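Here's the structure, in structure tokens; my notes come after.
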Amino acid sequence: MDKEATLQACYDHFGLQSDASMHEVERTFRELRKLYSKESLATYSLMDESERQEKLVLLQASFDLIKKSRLHVVPPVINKPEPVEEVVKEKPPVVEARIVFVNADPQQMPGLYLQQTRQARGLSLQDIAEQTKISAYKLQCIEEQRLDELPAPVYLRCFVKEFSRTVEVPSVDALVESFMKYYHANK
């Protein structure tokens, strides 16, 4: 298989067109990686461990190849050369760095901890809502610990667990227990 066909196969693996933005590629990669993770209920009974691992390896290889191809893109040929003075006058683009500290105590303020973790990952509530299928409003209520707006505990536990997994909290179960303890103590 030639290089272009291999690259197209990678895009096909992600279900994307070859002109998809890198943001779309990264988002799809994260979603598919999550789909084939050990914690995913979607593939739990459909494939064994070796098949799941094989899918993850293929996903990573496809992502790496797409990323590498994007790094080595040759700029389009311009028929008329630009004057040297204009090139020298151009300023490099300004890159803004944003540092977000996660300093909330997950035991005392689990909602704020989730919010700060989400922000540190550069995700919006809408991003989380799309990935978890939990409404952005409910996610906001969890972050703000608006207990009267939250669903019954059996649903809330699942919502907090999925939210925690999506923002990659280090200890998902501990955070869920902290949130439920806070809920029962203040409801």
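The values are calculated or read from the model by the stated rules, or taken from the named source; none is laboratory data. Because the structure is predicted, anything quoted here is derived from the model rather than measured. Backbone-built Cβ (ideal geometry, glycine too); neighbour counts: all protein chains shown.
Can you tell which of P151, P110, P76, P170 is closer than 30 Å to H13 by Cα, at pLDDT 85 or above and not aromatic (F, W, Y)?
Values: P151 fails: closer than 30 Å to H13 by Cα; P110 fails: closer than 30 Å to H13 by Cα; P76 fails: at pLDDT 85 or above.
Being closer than 30 Å to H13 by Cα, at pLDDT 85 or above and not aromatic (F, W, Y) holds for just one of P151, P110, P76, P170, which is P170.
Suppose we keep only residues that are under 13 Å from A61 (Cα atoms) and of a type in the set (A, V, I, L, M) within the range 1-24. Which one would you say is modelled with the lowest pLDDT?
Filtering the range 1-24 for residues that are under 13 Å from A61 (Cα atoms) and of a type in the set (A, V, I, L, M), the one modelled with the lowest pLDDT comes out as L7.
I'm checking my understanding of the structure. Among residues of the range 133-164 that are crowded, with 18+ Cβ neighbours inside 10 Å and not hydrophobic (A, V, I, L, M, F, W, C), which one is nearest to L32 (Cα to Cα)?
The initial filter retains those residues of the range 133-164 that are crowded, with 18+ Cβ neighbours inside 10 Å, namely 134, 138-139, 141-143, 145, 150, 156, 159-164.
Adding the requirement that they be not hydrophobic (A, V, I, L, M, F, W, C) leaves 138, 143, 145, 161-162, 164.
Numbers: K138: 24, E143: 26, Q145: 30, K161: 19, E162: 16, S164: 18 Å.
Here the answer is E162.
Residues of the range 156-184 being over 15 Å from A129 (Cα atoms) and either among the small types (G, A, S) or in contact with a Cys (Cβ under 7 Å, 6 or more places away or on another chain) (or both), which ones?
S171, A174, S178
Would you say K138 is closer than 21 Å to S40 by Cβ and without any contact (Cβ under 8 Å) to a residue 24 or more places away in the chain? Lay out the reasoning, then the answer.
Working: closer than 21 Å to S40 by Cβ: no; without any contact (Cβ under 8 Å) to a residue 24 or more places away in the chain: yes.
Criteria not met by K138.
Find the residue count for the range 165-182, including only residues that are over 21 Å from the mean Cα position of the chain (by Cα), hydroxyl-bearing (S, T, Y) and surrounded by 19 or more Cβ atoms within 10 Å (Cβ to Cβ).
Residues that pass the stated criteria total 1.
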